[in-house]
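For reference, the structure discussed in these notes is given below.
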Amino acid sequence: MMVSPQKPTRDSKPPSDEVSPWALAGLGTQFFASILLFVWVGNWLDRRFDSAPLFLLGGVLLGGGGTFYLSYRQLTKPRDSNRHDRDSTPNT
């Protein structure tokens, strides 16, 4: 007897080792929003202290670098759902 493969349904969740495409789209949106926010704050500080473009460049570097680091950590974290978050207590 031959068993036909099941087709994925709309309600099925991706396996735990796959990253959702929506999560990746969220990372891009987060990257854009973070840089935009830090540029806006840097521009505001430059106008307030008359120090253009010091805070603007700092905002670009801090917003872009910080978001890149957080995105990298999120994309490289282990995907195993049974693994605990590096608990240092011994199991007894």
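Descriptive notes on the structure:
- Selection count, the range 52-73, where residues are surrounded by 13 or more Cβ atoms within 10 Å (Cβ to Cβ) and part of a loop (DSSP other than H, G, I, E, B): 1
- Some residue of the range 74-82 being surrounded by 13 or more Cβ atoms within 10 Å (Cβ to Cβ), in contact with a helix residue (DSSP H, G or I) (Cβ under 8 Å, 6 or more places away or on another chain) and at pLDDT below 90: yes
- Residue count for the range 33-70 under the criterion of being at positive phi and touching a Gly at 6+ places or on another chain (Cβ under 8 Å): the result is 0.
- A search for C-beta distances below 8 Å between a residue of the range 40-68 that is at pLDDT 95 or above and any residue that is among the hydrophobic types (A, V, I, L, M, F, W, C) and not in a helix (DSSP H, G or I), counting only pairs 6+ apart in sequence or on different chains, returns 46/52.
The values are calculated or read from the model by the stated rules, or taken from the named source; none is laboratory data. It should be emphasised that the depicted structure is a prediction, and the values quoted were computed from it without experimental measurement. Neighbour counts run over all protein chains shown; Cβ positions are idealised from the backbone, glycine included.
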